[in-house]
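Chemist: Starting off with a structure, shown below.
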Amino acid sequence: MNTKQVVTRFPPSPTGTLHIGGARTALFNWLFARHYHGKFVLRIEDTDKLRSTRDNTDSIIESLRWLGLDWDEGPYFQSQRMEIYNEMIEELLSSGNAYYCHCKPEELERKKAEAKKRGLKPKYDGRCRELGLGKAPGAVVRLKSPLSGTTTFKDLVKGVISIDNEELDDLILQRSDGSFTYNFAVVVDDSKMGINYVIRGDDHVNNTPRQILIYKALGEPIPLYAHLPMILGPDKTPLSKRHGATSVMAYKEMGFLPHALLNSLARLGWSHGDQEKFTTQELIDLFSLDHVGKSAGIFNMEKLLDLNAKYIREVDDSNLADLLIPFLNNLGCSGLNRKKVKEAVKTLKARAKTLLEMAQGALFYFKEITYEKQADEKFLRPEVLEILEDLLSDLERTTGFAQEELEKTFSTFLERHQIKLGKVAQPLRVALTGKTVSPGIFEIMEVMGQEMVIKRLSNAISHTKSKKGP
Ligand code: GLU
C-alpha cells in the first residue's frame, strides 16, 4: 500500500453513454478512493472529435450522479488540455525520448504487409529513429522505446505481467494532424493529476506496458495497476445488448433503484463471502482489491430484479411515492395527489420488482380503466348482476371506507346472500381495476375511496347489463 493519499480516476470516452462495464469501473475506483479516504477524479476523454458528443458527456455525468458516484476533482476535459500535451511532447523531444518520423502511411502499410507475408510481427522498423528529423507536414512524433530488456509490472488483480520491449513499437504519441494518441494523453493526465492507482477493465491490459514506457520517458512515477475481469452474461458470453439493456440510464428508466444497480455492479468481480446485499457504507468499508477475483463477473438480470424488489420494500412510503410519480407521469397520469400516491404505494410495494412495474400496477388508481378482455368475459356476467347491484347499494349506504369497516360491511353482505367472498371478489376486482390481479380488494377500495368505488361499480353494472341485450 502506498503511504501517499490514494488518487483514482474514471476517464470515460464520450463516444457513447455509460454502460454497465464502465459503471463497474467507476464504482471500483470510487470505492477504493472512499475506502482509503483518497480522491476520485473524473476526466472526460473527448479527443476523438468525430465520435465524442456533448450529449454523451451529459448522459455519463447524469448516470454517475444517479448512481451516487461523486468525484472530488473534475470533470477535466482532454479537449481543453492540448497545451499541456504539446508541452510534454516538446519535453520528450528535447530530452531525446521522442522523435519526428516522416515515414508515409502508405510506406508503413507496405512494410506491414510484407512483414505479415513473411510471418513476422508487423512493427515499425525505426527508420527515422536516429535521423534527428524536424517538424514537417505529415510528420508524427514517436516514442523512442528501449530496444531490449523487459517491461514488468505487478498487476493487483492479475499478478506479474512481463513483456519484452522488443515486442513494443516506437509508438506514435502525436499524429500528423496534431492530435494526441490515447496512450500518450492518458499518461500525461494521470501523471499530472497524481493518479497512483489505475483501476480499469482488462481490455486495457495490453496498453499498460506501453504506458509504463511513456512514464519512464517522462521521468514520472508509475501508478499501480488493477485490471478488472470481464463482465459476462449468464450464458458466459461477453455482456452485450443480447443480454438486455447495457446502458445505466436504461436501468433508471426501467425503474431500478440506483442502489440496487450499484450493489449488483459491486459484485461483478468483487465479493465478500456470500453476502449479496450491502449498504453503500458497507461497500466502502469492505472494498479492497484483494477480493477482486481473476474470473469474470456475471451480470444476472434476475438477481438484479430480486435485489431491486428487496430494496423497494425498504424505501419508506413517502420517498417511494416521490420516486413513483415521474413513472406515473410518463404513463400519462397528471395532476397526481401525492398523498394518494403514497396510499397506493403501500398496497403495491410488497410485490413490485421495479418502479415501472409498480407504476403500471398503480394505473387503475389514477386513470380511467378498461376491462381486460378475458377478465370481462369471465367475471362481468349477467348472473352476477343482482349481487353486484346489492353490493353497490350497501357500499352507497356505508359511511366507513377504512379496511376494517369494509370488512364488516362485506361480512354482513356475504351472510345475507349466503355466499363466500370468492364469489364476489373477482367480479368486483374486475369492476374496480379492469384486471383479475391486484392488491387485496379491501386495500384497494380504501385507497380508491367511496366515490370512485361506487362510480366504477356502477359502470361495471351498466356494462354487464348491456351484455344481456334488450
Ligand atoms: N477513455 C478510456 C476508455 O474509456 C480510458 C481507459 C483507461 O482507463 O485508461 O476506455
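Chemist: From the set of residues in the range 411-450 that are of a type outside the set (Gly, Ala, Ser) and not in a helix (DSSP H, G or I), which is farthest from residue 338 (Cα to Cα)?
Modeler: Across the range 411-450, the extreme among qualifying residues is 418.
Chemist: Now, a different point. Can you go through 415, 383, 314 and tell me which one is closer than 30 Å to residue 25 by Cα and without any contact (Cβ under 8 Å) to a residue 40 or more places away in the chain? Even if it seems obvious, please write down each step before you answer.
Modeler: Details: 415 fails: closer than 30 Å to residue 25 by Cα; 383 fails: closer than 30 Å to residue 25 by Cα.
Only one candidate passes the filter, namely 314.
Chemist: Can you confirm whether the range 149-157 contains a residue that is within 30 Å of residue 297 (Cα to Cα), in a loop (DSSP other than H, G, I, E, B) and not acidic (Asp, Glu)?
Modeler: yes
Chemist: On the given criteria, is residue 217 touching a residue at least 40 places away in the same chain (Cβ under 8 Å) and within 16 Å of the ligand (Cβ to nearest atom)? It would help to see each step written out before you state the result.
Modeler: Details: touching a residue at least 40 places away in the same chain (Cβ under 8 Å): yes; within 16 Å of the ligand (Cβ to nearest atom): no.
Spelling it out, it is not the case that residue 217 is touching a residue at least 40 places away in the same chain (Cβ under 8 Å) and within 16 Å of the ligand (Cβ to nearest atom).
Chemist: I'm trying to understand the selection: among the residues of the range 370-410, which are hydrophobic (A, V, I, L, M, F, W, C) and assigned to a helix (DSSP H, G or I)? Spell out how you get there, then give the answer.
Modeler: Pass one, the range 370-410, residues hydrophobic (A, V, I, L, M, F, W, C): 375, 379-380, 384-385, 387-388, 391-392, 395, 401-402, 406, 410.
Residues satisfying the conditions are 375, 379, 384, 385, 387, 388, 391, 392, 395, 406, 410.
Chemist: Whether any residue in the range 334-356 is in contact (Cβ under 8 Å) with a residue 60 or more places away in the chain, over 20 Å from residue 314 (Cα atoms) and surrounded by fewer than 19 Cβ atoms within 10 Å (Cβ to Cβ) is what I want to check.
Modeler: No, the range 334-356 has no match at all.
Chemist: Which residue out of 422, 449, 400 is under 23 Å from residue 377 (Cβ atoms) and of a type in the set (Gly, Ala, Ser)? It would help to see each step written out before you state the result.
Modeler: Details: 449 fails: under 23 Å from residue 377 (Cβ atoms); 400 fails: under 23 Å from residue 377 (Cβ atoms).
So the residue among 422, 449, 400 that is under 23 Å from residue 377 (Cβ atoms) and of a type in the set (Gly, Ala, Ser) is 422.
Chemist: Having 2 or more residues that are crowded, with 22+ Cβ neighbours inside 10 Å, within 12 Å of the ligand (Cβ to nearest atom) and in contact (Cβ under 8 Å) with a residue 60 or more places away in the chain is the bar; report the strands (runs of 3 or more DSSP E) wholly within the range 1-111 that clear it.
Modeler: Result: 7-10, 39-44.
Chemist: Can you pull out the residues in the range 50-96 that are among the charged types (D, E, K, R) and under 25 Å from the mean Cα position of the chain (by Cα)?
Modeler: Across the range 50-96, the qualifying residues are 51, 54, 55, 58, 62, 65, 70, 72, 73.
Chemist: A further question follows. Just name the residue that is farthest from residue 88 (Cα to Cα) out of those in the range 164-192 that are part of a loop (DSSP other than H, G, I, E, B), more than 15 Å from the ligand (Cβ to nearest atom) and out of contact with any Phe, Trp or Tyr (no Cβ under 9 Å at 6 or more places or on another chain).
Modeler: 168
Chemist: Taking the stated definitions as given, is residue 210 among the charged types (D, E, K, R), at pLDDT below 95 and over 26 Å from residue 36 (Cβ atoms)?
Modeler: no
Chemist: If you scan the range 193-207, which residues turn out to be touching a residue at least 12 places away in the same chain (Cβ under 8 Å), part of a loop (DSSP other than H, G, I, E, B) and more than 10 Å from the ligand (Cβ to nearest atom)?
Modeler: Passing the criteria: 193, 194, 196, 205.
Chemist: Kindly provide the set of residues from the range 327-384 that are under 14 Å from residue 439 (Cβ atoms) and modelled with pLDDT under 95, ordered by number.
Modeler: 351
Chemist: Something else: Given the structure, is residue 222 of a type in the set (Val, Ile, Thr) and assigned to a helix (DSSP H, G or I)? Steps first, answer last, please.
Modeler: On the way: of a type in the set (Val, Ile, Thr): yes; assigned to a helix (DSSP H, G or I): no.
For residue 222, the condition - of a type in the set (Val, Ile, Thr) and assigned to a helix (DSSP H, G or I) - is not met.
Chemist: For residues that are in a loop (DSSP other than H, G, I, E, B) and among the aliphatic types (A, V, I, L, M), tally how many sit in the range 265-293.
Modeler: Of the range 265-293, the ones in a loop (DSSP other than H, G, I, E, B) are 267-269, 271-279, 287-288, 293.
Right, trim to among the aliphatic types (A, V, I, L, M) and you get 268.
The total comes to 1.
The values are calculated or read from the model by the stated rules, or taken from the named source; none is laboratory data. Predicted model, so just to flag it, every value in this text is computed and none were measured. Note: ideal-geometry Cβ built from the backbone for every residue, glycine included; neighbour counts use all protein chains shown.
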